[in-house]
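Okay, so here's the structure we're looking at.
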Amino acid sequence: MNEGSAADLLAATRALKPDMKDLYRRWSARRGAIVWSTTTSVPGKRLSIPAWNALTILINLVNNIVMEETILDLIYFAHCRLAALENTPRDYGTGELLFSSDIHTVVAIGSHVGCNLTELAVNLGVSNPAAFKFATKMVRLGYLIKERRDGNRKEVVFSLSKKGRQATMAHAAFERRTFGPLQELERKLTVDDKKVILDFLDRLNQSCAW
């Protein structure tokens, strides 16, 4: 592998690890769950996860301090960081905190204006009842417009409101800031580097027993 690009990839993945000092400083036990404050884009909010899950993360973080890092360690930490990124509600320029299911619903309709409920469910990769729940919420919050399709008064279709368009633009900017550096790093990989990494991940995926 090319030493420079491989080292860059390793450093970028390691940078995804949670900050230990911040984690230990902020966690506290409450009603069977480990709860800690977050310094992300949710000022003053507190996020909680089941105690066993939080303890598993903490134990793995401690173990990582005294043990040499492996590729699997880095994959695990990247997974934790990306999961936290996905689960953190954010303000996409409207003054309201939206969860990933909220903004993804708005973005999906922005990409398929005039789609019906079934089409939305397919685009989101969820069931029709789940798509109905997401869309109903975003209509109520003013991000989506629900109307009857011309020529078929029984079919409901969705489009974006001004507020929805504002959120989609802010979300696109967020994705550029968040994933742009990672995509640029991937583009800099040599063909040999990329082949080795893809081959490893493919074999790892095939070896998973679950």
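The values are calculated or read from the model by the stated rules, or taken from the named source; none is laboratory data. Fair warning: this is a prediction, and the values are worked out from it, not measured in the lab. Ideal geometry is used to build each Cβ from the backbone, glycine not excepted, and the neighbour counts take in all protein chains shown.
If you go through the range 95-116 and keep only what is closer than 12 Å to residue 168 by Cα and buried (at least 17 other Cβ atoms within 10 Å of the Cβ), you end up with 98, 102, 103, 104, 105, 106, 107, 108, 109, 110.
Filter the range 122-139 down to residues that are closer than 15 Å to residue 156 by Cα and either outside the structural domain of residue 154 (by TED's automatic domain parsing) or out of contact with any helix residue (DSSP H, G or I) (no Cβ under 8 Å at 6 or more places or on another chain) (or both) and give me whichever is surrounded by the most Cβ atoms within 10 Å (Cβ to Cβ). Looking at the filtered set, the residue picked out is 139.
The set of residues in the range 122-138 being closer than 23 Å to residue 170 by Cα and touching a Phe, Trp or Tyr at 6+ places or on another chain (Cβ under 8 Å) consists of 124, 135.
In summary, helices (runs of 4 or more DSSP H) completely within the range 65-128 and bearing 1 or more residues that are at pLDDT 95 or above, of a type in the set (A, V, I, L, M, F, W, C) and closer than 30 Å to residue 149 by Cα occur at 100-111, 117-124.
Can you tell which of 147, 119 is within 25 Å of residue 102 (Cα to Cα), surrounded by fewer than 16 Cβ atoms within 10 Å (Cβ to Cβ) and among the acidic types (Asp, Glu)?
147
Is one or more of the residues making up the range 146-161 closer than 23 Å to residue 87 by Cβ, in contact with a Phe, Trp or Tyr (Cβ under 7 Å, 6 or more places away or on another chain) and of a type outside the set (Val, Ile, Thr)? No - not one qualifying residue is present in the range 146-161.
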